[in-house]
Every structure is written in structure tokens, then in C-alpha cells.
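A.B. asks: This structure is in C-alpha cells; I'll ask about it shortly.
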Amino acid sequence: MRKLENSELNRLDVGEFKEAEKSPIIIVLDNIRSLNNIGSVFRTADAFLVEKIYLCGITATPPHKDIHKTALGATDSVAWEYRQDTLELVEECKLLGYETLAIEQAEHAIMLNDYNPTSDKKQVLVFGNEVKGVAQDVVTACDKVIEIPQYGTKHSLNISVSAGVVVWDLWSKIKKAAKTAGK
């Protein structure tokens, strides 16, 4: 097997990305400290045509060289907006009829492998601070809590890894449901 050259991958350019139909996924970053993590989440969002990223609280915003280093230009393709208050944003999303999901370890959390997204609702995924996770008031306000099953000795995954795992899982479930429905 021969590795493909970048020119053979048939990727969208920034203009085509902006015009493309987006997946019904919105990412909320709640007080993320690491600029490299933020950039990595932008790259994941680009890969799966995420509708938008909200950068909340202390989460840094583009342009910044450390975000750019890991985003590799995805800050130009993915729509984003800064919001000071994550809780207000979650409440706003709920009023719009979106399903709000804290990605966290909590009582009554649904394991990611057992979660099936509501096909007619946008999925708002809230990822939390590298040390403290998603703020408790935000967890409480969300419709559901989704937990990534883990079987080793560590208690958590890096936020950018978590975003990749969850976005890929939901994206594939949404695509499969759409295919089954003949869309």
C-alpha cells in the first residue's frame, strides 16, 4: 500500500468548508487553560464539520501562536465565538431546543458507547477545564452527562483526546442514523 499525498486526499478548502453542510454538533470549551488543547479541538472540529466552537471563560481565543501551532489553520475554517459565561450559553442552547451534554464523570452519567444522539436535535458538547472538569453548575444545567468509558488506572483523558473520541463517536452515530433513514 502506498501512502497518499496531501494533494490526493480531496479535502475542502476554507471557502468550501464554510459552504459545506455541517454536522449538528456544537462544541463548548469551559475554561480550558492549554492553548495547544484549544488548537487541537479546532482541528477535530474541522475534521468532522462541526458547526461551531464556543470558547468560554478563561479559554483563549484566536489568533494566538500556540493555538495556531496545533490548529494548523482550522481557526480559519471552523466558526467560533467567545462567551464569558458557560452557564448562560448552555441555558441559551437549551432554549433553542438543542440537547446539552456535559462530557464528565458524574452520577447518572450515560456511557458514551450507550448514548444515541437525538437525530433531530443539535448536540452541544461541553468539555471542561483540564483540572476541575466542567463546572458543577454547568453539569447540573445540562440535559445529560456523557462519560467516556475507561478501563485502565488513570481517571481521565486529555481534553483534546476526549473531544476527538466524543466527536468521532457522535458524528459516526449521526451519519449512520441518517444513512438508515435514507438521508
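The values are calculated or read from the model by the stated rules, or taken from the named source; none is laboratory data. As the structure is a prediction and not an experimental result, all values here were calculated from the model. We place every Cβ from the backbone using ideal geometry, glycine too, and count neighbours over all the protein chains shown. To get the accessible areas, we keep the full protein, side chains included, count just its heavy atoms, and leave off ligands, DNA and RNA. Shrake-Rupley method; radii C 1.70, N 1.55, O 1.52, S 1.80 Å.
A.B. asks: Skipping prolines and chain starts, which residues have an amide H placed within reach, meaning under 5 Å, of the one on Val126, given they are 5 or more residues away or on another chain?
C.D. replies: Those lying under 5 Å, H to H, from Val126 are Val28, Leu101, Ala102, Ile103.
A.B. asks: Ala47 to Lys94: extension gain in nm, 0.36 nm per residue of separation minus the Cα-Cα distance?
C.D. replies: Numbers: separation 47, 0.36 × 47 = 16.92 nm, distance 2.57 nm.
Contour length minus the Cα-Cα distance gives 14.4 nm.
A.B. asks: With θ set to phi - 60°, apply the Karplus curve 6.51 cos²θ - 1.76 cosθ + 1.60 along segment 19-33 and write out the HN-Hα couplings as whole Hz, x wherever there is a Gly or Pro.
C.D. replies: My calculation for segment 19-33 gives 8, 5, 5, 8, 6, x, 10, 10, 10, 10, 9, 9, 6, 7, 8 Hz in order.
A.B. asks: Going by average Cβ density within 10 Å per residue, which order do the peptides 93-99, 26-32 take, highest to lowest?
C.D. replies: 26-32, 93-99
A.B. asks: Also, quick follow-up: Using unit Cβ charges (K, R positive; D, E negative) and no other charged atoms, how large, in debye to the nearest 20, is the dipole of segment 7-146 about its Cα centre?
C.D. replies: Computed charge dipole of segment 7-146: roughly 320 debye.
A.B. asks: Further, regarding this structure: What per residue convex hull volume, in Å³, do the alpha-carbon atoms of segment 74-165 yield?
C.D. replies: It is 125 Å³ per residue.
A.B. asks: Hey, another quick one. Rg/Rh for segment 57-110: what does it come to with C-alpha atoms and Rh from Kirkwood?
C.D. replies: The Rg/Rh ratio comes out at 1.06.
A.B. asks: Here's a follow-up. Can you give me the solvent accessible area of His64 with a 1.4 Å probe, rounded to the nearest 10 Å²?
C.D. replies: 80
A.B. asks: Further question: Taking a threshold of 32 Å on the Cα-Cα distance, which of the pairs Lys144/Lys176; Lys18/Lys144; Lys94/Lys175; Lys18/Lys154; Lys3/Lys173; Lys3/Lys154 fall above it?
C.D. replies: On the way: Lys144/Lys176 22 Å; Lys18/Lys144 30 Å; Lys94/Lys175 23 Å; Lys18/Lys154 38 Å; Lys3/Lys173 28 Å; Lys3/Lys154 34 Å.
The answer is Lys18/Lys154; Lys3/Lys154.
A.B. asks: If you take the Cα Rg of segment 1-55 and divide it by 2.2 N^0.38 Å, with N the number of residues, what do you get?
C.D. replies: Against the compact-globule rule of thumb, the ratio is 1.37.
A.B. asks: How large is the accessible surface per residue of segment 29-77, computed with a 1.4 Å probe and reported in Å² as a whole number?
C.D. replies: 41
A.B. asks: Specify the inter-centroid distance of segment 87-128 and segment 13-48, based on alpha-carbon positions, in whole Å.
C.D. replies: Here the answer is 17 Å between Cα centres.
A.B. asks: For Lys22, give me every one of the aspartates and glutamates with a C-alpha distance below 18 angstrom, ignoring sequence neighbours fewer than eight places off in its own chain.
C.D. replies: Asp13, Asp46, Glu51, Asp76, Glu81, Glu99, Asp120, Asp169
A.B. asks: With every protein chain present, what is the per residue accessible area of segment 141-183 (1.4 Å probe, Å²)?
C.D. replies: Numbers: 2730 Å² over 43 residues.
Accessible area per residue: 64 Å².
A.B. asks: For segment 86-183, which whole percent of the accessible surface, found with a 1.4 angstrom probe, sits on carbon and sulfur atoms?
C.D. replies: Details: 3040 of 5720 Å².
On segment 86-183, the fraction of accessible area on carbon and sulfur atoms equals 53 percent.
A.B. asks: Report the calculated FRET efficiency for Ile110 and Met1 (r = Cβ-Cβ distance, R0 = 41 Å), to the nearest 0.05.
C.D. replies: E between Ile110 and Met1, to the nearest 0.05, is 0.60.
A.B. asks: In the calculated pair distance distribution of segment 98-139, what percentage of Cα-Cα distances lie above 13 Å?
C.D. replies: When every Cα pair of segment 98-139 is considered, 57 percent fall beyond 13 Å.
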